[in-house]
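Below: the structure, in structure tokens.
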Amino acid sequence: MAGDRRMAFLFDLDGTLVDSVYQHVLAWRAALEAIGIELSIWRIHRRIGMSGGLFLAGLLRETGRAVTPEDVRRVQQVHAETYSRLLDQVRPLPGARELLEELSRLGIPWAVATSGRLESARKTLAVLDLDVERVPLVTRDHVRHAKPDPDLFLAAARLLGVDIGEAVVVGDSVWDMLAARRARALSVGLLSGGYGAGELLEAGAYRVYEDPADLLRHLDEVGVRAPDYEWASFEEAPTGE
């Protein structure tokens, strides 16, 4: 809604709220091997978080191999099946539930925007013990282009009825930071997906924290204010001499 000054948080999912990046890496490796492509784990990890189409295009460019539409379907199928088998290994990242609960308590709207497909995203969200049907969720199924395009975050802001310029995007990859920059939103990086602080800052992150728990401890640094009554017992004091 244009002109709305409400603050909101837009969260990536894998590596940001749940510790699932490496399960996705292993699932992609199995999927690529299903069509005869062998790649080192690190090459796959560096592209986790971006659109599946761009992900495949980038990796296949490195191998110099052409693939058929049937290959693409096979890769997507094996990835989904393998990730489903690994899902019982996925855990919430430290502080993820508490962070979402605190934002809700403060009346700050939040949504999840992920490059993953709806079916996979719902299964992953269930790890957080959330009412999946009530979580504002935007997936690859809902937009024309996924990350690093801004579409997911723009759609999530519209879903919440807030101006994207008032939103804080929280993600763990350079693709999240790039998409946030293109959407003209403030971005915050988390180290919990395996990217380094320098990489996230260079990609546009305003601040970088270890994980959701670390962000929760520093919410004031990204503009979150507690209700005035919570500060009633503190005397006004200057911060300088």
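Values quoted throughout were computed directly from the atomic coordinates according to the rules given, and no laboratory measurement underlies them. Please read all numbers here as calculations on a predicted model, not as lab measurements. No Cβ is skipped: glycine too gets one built from the backbone with ideal geometry, and neighbour counts run over all protein chains shown.
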*Assigning unit charges at the beta carbon (Lys, Arg +1; Asp, Glu -1) and nothing else, what dipole magnitude in debye, to the nearest 20, does region 21-89 show about its Cα centre?*
200 debye
*Under unit Cβ charges (Lys, Arg +1; Asp, Glu -1), what dipole magnitude, rounded to 20 debye, does the chain have relative to its Cα centre?*
1200 debye
_For region 32-130, alpha-carbon Rg and Dmax in angstrom_ = 16.7, 51
*Where does the charge balance sit around Ala180 when Lys and Arg score +1, Asp and Glu -1, over other residues with C-beta under 15 Å from its C-beta?*
-4
_Residues listed by number, region 120-142, amide nitrogen under 20 Å from Arg73 label point at 7 Å toward C-beta_ = 120, 141
_FRET efficiency for Glu102 and Glu166, using Cβ-Cβ distance with R0 set to 25 Å, rounded to 0.05_ = 0.85
*If packing is taken as the mean number of other Cβ atoms within 10 Å per residue, what is the order of 22-33, 207-218, highest first?*
22-33, 207-218
*Relative packing of peptides 94-106, 189-201 - highest average C-beta neighbours within 10 Å first*: 189-201, 94-106
*For region 114-131 and region 175-224, what is the separation of their Cα centres, given in Å?*
21 Å
*Once the Cα atoms of helix 21-33 and of the chain are each reduced to a long axis, what angle between those two axes, in degrees from 0 to 90 to the nearest 10, is obtained?*
20 degrees
_Gyration tensor (alpha-carbon) shape descriptor, region 85-184, a/c threshold 1.5_ = oblate
*Order of Trp110, Trp175, Trp42 from fewest to most other C-beta atoms within 10 Å?*
Trp42, Trp110, Trp175
*asked:* About the Cα centre, and with charges only on the beta carbon of Lys, Arg (+1) and Asp, Glu (-1), how big is the dipole of region 92-142? Nearest 20 debye, please.
replied: 180 debye
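Mind ordering 142-149, 55-62, 68-75 by average Cβ neighbours within 10 Å, highest first?
142-149, 55-62, 68-75
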*Other-chain or far-sequence residues with amide H under 5 Å of Val18's (modelled H)*: Leu93
_How much of the DSSP bridge set in the chain is antiparallel, in percent, rounded to the nearest 5?_
10 percent
